[in-house]
Amino acid sequence: FLPPSTAGGGEGVAAKDKEGKDISVSKLLAAVTPGERVLTLGLDVNGGDATYIVINDQKEVANFGINAVCTHLGCVVPWDNGAKQFKCPCHGSVYNADGGLERGPAPQPLALVKTTVSEDKVLIAPWTEQDFRCTDLWCNKDPYWAK
Ligand code: FES
């Protein structure tokens with residue numbers, strides 16, 4: 001189930017801030033550094049999980065986002081902007097900047113979502129394409145979360 005988008009016309013659900021307001025892309029890009037990952041809340045994609053918006057090295061919103069829920073036991077995984085990794089505080093799993101699995105006990109990478117920019121909003125939709133990430137611990141093109 002996807003609730004109606006508040007962005008109008010685009011594909012997906014508008015990413016929201018802590019107060020539940022749609023995130024403004026122009027304000028977001030003014031406040032971030034290239035390569036940053038920005039946690040958004042209140043999404044109803046992939047079961048309502050918190051999701052990271054990916055800011056690429058050109059300081060644009062990338063065309064994919066990263067589900068913030070650890071694939072081990074479900075803690076929300078913080079982004080370490082210095083190390084450029086996601087590090088789970090619960091049992092020490094580590095994911096790379098794209099959410100690829102670097103260290104367990106998590107069994108799988110963080111799930112992907114599709115992101116697009118429309119009318120100054122970030123729209124989030126399910127990721128149904130192949131998984132482009134590959135690490136020593138996990139390299140499987142089938143998106144496990146899309147089953
Ligand atoms: Fe993340 Fe256990 S919940 S490592």
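Considering T116, T135, T71, the condition of being closer than 23 Å to E36 by Cβ, out of contact with any helix residue (DSSP H, G or I) (no Cβ under 8 Å at 6 or more places or on another chain), β-branched (V, I, T) and touching a residue at least 60 places away in the same chain (Cβ under 8 Å) is satisfied by T116 alone. Tell me, yes or no, whether region 35-43 has at least one residue that is within 11 Å of the chain's Cα centre (by Cα), surrounded by 16 or more Cβ atoms within 10 Å (Cβ to Cβ), of a type in the set (A, V, I, L, M) and at pLDDT 90 or above. Yes, there is a match, as at least one residue in region 35-43 is within 11 Å of the chain's Cα centre (by Cα), surrounded by 16 or more Cβ atoms within 10 Å (Cβ to Cβ), of a type in the set (A, V, I, L, M) and at pLDDT 90 or above.
Quick grid of which residues meet (1) surrounded by 13 or more Cβ atoms within 10 Å (Cβ to Cβ); (2) on the phi > 0 side of the Ramachandran plot; (3) of a type outside the set (A, V, I, L, M, F, W, C):
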{"site": "V76", "(1), (2), (3)": "yes, no, no"}
{"site": "W79", "(1), (2), (3)": "yes, no, no"}
{"site": "Q85", "(1), (2), (3)": "yes, no, yes"}
{"site": "G99", "(1), (2), (3)": "yes, yes, yes"}
{"site": "E102", "(1), (2), (3)": "yes, no, yes"}
{"site": "A111", "(1), (2), (3)": "yes, no, no"}
{"site": "L123", "(1), (2), (3)": "yes, no, no"}
{"site": "D142", "(1), (2), (3)": "no, no, yes"}
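Among the residues making up region 16-33, those that are free of Cβ contacts under 8 Å to residues at least 40 places away in the same chain, loosely packed, with under 11 Cβ neighbours inside 10 Å and either within 16 Å of the chain's Cα centre (by Cα) or part of a loop (DSSP other than H, G, I, E, B) (or both) are K18, E19, G20. Selection of region 51-105 for residues being among the small types (G, A, S) and within 22 Å of P126 (Cβ to Cβ) yields A62, G65, A68, G74, A97, G99, G100. When the criteria are applied in full, K87 meets the requirement of being without any contact (Cβ under 8 Å) to a residue 40 or more places away in the chain, in contact with an Asp or Glu (Cβ under 7 Å, 6 or more places away or on another chain) and of a type outside the set (A, V, I, L, M, F, W, C).
The values are calculated or read from the model by the stated rules, or taken from the named source; none is laboratory data. Quick caveat, the model's predicted, so the values are computed rather than measured. Note that we place each Cβ from the backbone using ideal geometry, even for glycine, and neighbour counts take in every protein chain shown.
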